[in-house]
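The values are calculated or read from the model by the stated rules, or taken from the named source; none is laboratory data. Model, not experiment: these values are computed from the prediction. For neighbour counting, all protein chains shown are included, and Cβ atoms are generated from backbone atoms with ideal geometry for every residue, glycine included. Side chains are part of the model used for accessible areas, which takes the heavy atoms of the whole protein and leaves out ligands, DNA and RNA. Shrake-Rupley method; radii C 1.70, N 1.55, O 1.52, S 1.80 Å.
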Amino acid sequence: MLTNLGANAVTVRRPEELARVSGLIIPGGESTVMDKLSRLFGLAEPLRAAIDAGLPVYGTCAGLIMLADRVHDSIDGQQTIGGMDITVRRNAFGTQLDSFETDLHVPELGEPAVHAVFIRAPVVEEIGSGVRALASLEDGRIVAVEQGNLLGTSFHPEVTNDYRFHSYFLEKVRASA
Amino acid sequence: MSDSNTAEQSGTNRVKRGLAEMLKGGVIMDVVNAEQAKIAEDAGAVAVMALERVPADIRSQGGVARMSDPDLIDGIMAAVSIPVMAKARIGHFVEAQVLQSLGVDYIDESEVLSPADYVNHIDKWKFNVPFVCGATNLGEALRRVTEGAAMIRSKGEAGTGDVSEATKHIRTIKGEIAALSAKTADELYVAAKELQAPYDLVAEIARTGKLPVVLFTAGGVATPADAALMMQLGADGVFVGSGIFKSGNPVQRAAAIVKATTFFDDADVIAQASRGLGEAMVGINVSDLAAPHRLAERGW
């Protein structure tokens, strides 16, 4: 997806790989595993420092959890990288049987609606004053947020062919490069 | 705001296949109770697989292997927050209905359990919960996808600690995909016939060069190096069954296999992860198994 948008995409697993990128996407996955491995391989601290220094980061689903300052329903000892002044709830919808797809109105991206896929997804329960909600479900629960160079979505644009959230993020990367 | 198409849809193909996408690069561990599930979660498993007995015990104890007791599955679901998968017997659609009603995140229609139907697999389209199925070759994988499987795992030979069959099956599937990609359009009709799979699916794979679902590998993975071998051969992730809880030090081995799977291309990390793990599970060479005891031959 990033390659199609003209970006040079690489995998980041180690601190030295992080040092070479001008923007980072933390994709979907298991936030508990990301936490363990990022600490084990010394990625967590450099990433916190990079976010403080303004590195643009986009987190989808588990990636959104990693960017949140506060998490509900985390497992014992689970930490996040943080950076966004938000509280998220893990597995907010329930088990896989409650996973779903729906159309979301995202004013920032205009028409048509974004077709969003939620897989054992988190929601954003509280946002601080510096955070902007970009999209909500019909019941009002926030599922896309932005704070400075940080972007987060509960859903997975990477499993559809809608490139708009990723291009929106790349604009942040280019603007801060 | 457009309200023409805002209904929420669950149980769609994209939602089912999507969960498997999120497990890529990870390790899914077999567990028989809540304690083991917790150890797996703490070690960094991306999901756990609930079953009545691990394959090594099914082999040594014999008898009919079935779906787990719902109490055990409930206990496992309560103990961990990562996805919980559970095994149903091949063709046993009522076990699958029960597992769906328990709210598991994925069902494995598995050859490791005793088959309930020697002709038909479960019609997986009828379920909202996604299914993973085993395959030894591309044709078998595509037949399972046609029946609605949202994830495939190569079978290997479960409960042996002998990785050779896992190697064979992942190489076979990858090799057959590569061979399809090299064919011209007019050759795909016969290819579909030979693979005993629908033409449309065969043509799609020839075009994209990959399965339409995530491909994990399983069956005989016992060490960090085994797991990294599977990843270097092109698997999207690894199932580890008896290899962890039949070894000398499950806590350490589970974490080591997770590390080696993430850094599968870094021999220094794999070497470090392989140190001081104590005894690996006692293996059985697949070549010493009489054909009727080979689980991979179940399913068709």
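Couple of notes before you dig in:
- Verdict on residue B:114 being surrounded by fewer than 19 Cβ atoms within 10 Å (Cβ to Cβ), in contact with a strand residue (DSSP E or B) (Cβ under 8 Å, 6 or more places away or on another chain) and within 24 Å of residue B:295 (Cα to Cα): yes
- Answer residue from the range A:44-57, given it is hydrophobic (A, V, I, L, M, F, W, C) and farther than 22 Å from residue A:166 by Cβ and is least open to solvent (accessible area, probe 1.4 Å) among those: A:44
- In the range B:38-58 there is no residue matching the filter, namely being surrounded by fewer than 17 Cβ atoms within 10 Å (Cβ to Cβ), within 17 Å of the chain's Cα centre (by Cα) and within 14 Å of chain A (Cβ to nearest Cβ).
- Among the residues listed as A:148, A:130, A:140, A:152, the single one being surrounded by 19 or more Cβ atoms within 10 Å (Cβ to Cβ) and more than 12 Å from chain B (Cβ to nearest Cβ): A:152
- Taken over the range B:119-143, residues that are over 17 Å from residue B:85 (Cα atoms), out of contact with any Lys or Arg (no Cβ under 8 Å at 6 or more places or on another chain) and open to solvent by less than 40 Å² (accessible area, probe 1.4 Å) amount to 5.
- Taken over the range A:75-103, the residue count meeting the criterion of being within 8 Å of another protein chain (Cβ to nearest Cβ) and over 20 Å from residue B:85 (Cβ atoms) is 3.
- Checked against (1) over 17 Å from the mean Cα position of the chain (by Cα); (2) open to solvent by less than 10 Å² (accessible area, probe 1.4 Å); (3) within 14 Å of chain A (Cβ to nearest Cβ), residue B:77 passes all but condition (2).
- From the options B:96, B:34, residue that is touching a strand residue (DSSP E or B) at 6+ places or on another chain (Cβ under 8 Å), more than 10 Å from chain A (Cβ to nearest Cβ) and open to solvent by less than 50 Å² (accessible area, probe 1.4 Å): B:96
- Only a single item in (1) open to solvent by 30 Å² or more (accessible area, probe 1.4 Å); (2) under 30 Å from residue B:58 (Cα atoms); (3) of a type in the set (S, T, N, Q) is not met by residue B:184, and it is number (2).
- The number of residues in the range B:214-234 that are surrounded by fewer than 22 Cβ atoms within 10 Å (Cβ to Cβ) and assigned to a loop (DSSP other than H, G, I, E, B) comes to 2.
- Enumeration of residues in the range B:80-102 that are part of a loop (DSSP other than H, G, I, E, B) and either within 20 Å of residue B:295 (Cβ to Cβ) or small (Gly, Ala, Ser) (or both): B:81, B:90, B:91, B:92
- Filter result (without any contact (Cβ under 8 Å) to a residue 60 or more places away in the chain, part of a loop (DSSP other than H, G, I, E, B) and either surrounded by 13 or more Cβ atoms within 10 Å (Cβ to Cβ) or in contact with a Phe, Trp or Tyr (Cβ under 6 Å, 6 or more places away or on another chain) (or both)) within the range A:10-30: A:12, A:13, A:14, A:21, A:29, A:30
- Number of the condition not met by residue B:89 [criteria: (1) surrounded by 20 or more Cβ atoms within 10 Å (Cβ to Cβ); (2) closer than 29 Å to residue A:62 by Cα; (3) at pLDDT 95 or above]: (2)
- Failed item in (1) closer than 21 Å to residue A:136 by Cα; (2) open to solvent by less than 20 Å² (accessible area, probe 1.4 Å); (3) more than 14 Å from every other protein chain (Cβ to nearest Cβ); (4) of a type outside the set (Lys, Arg), with residue A:66 passing the rest: (3)
- When the range B:169-222 is limited to residues that are free of Cβ contacts under 8 Å to residues at least 24 places away in the same chain and under 23 Å from the mean Cα position of the chain (by Cα), the one that is farthest from residue B:250 (Cα to Cα) turns out to be B:204.
Conditions tested, residue by residue: (1) at pLDDT 95 or above; (2) out of contact with any strand residue (DSSP E or B) (no Cβ under 8 Å at 6 or more places or on another chain).
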{"residue": "B:175", "(1), (2)": "yes, yes"}
{"residue": "B:184", "(1), (2)": "yes, yes"}
{"residue": "B:187", "(1), (2)": "yes, yes"}
{"residue": "B:230", "(1), (2)": "yes, no"}
{"residue": "B:233", "(1), (2)": "yes, no"}
{"residue": "B:241", "(1), (2)": "no, no"}
{"residue": "B:245", "(1), (2)": "no, no"}
{"residue": "B:259", "(1), (2)": "yes, yes"}
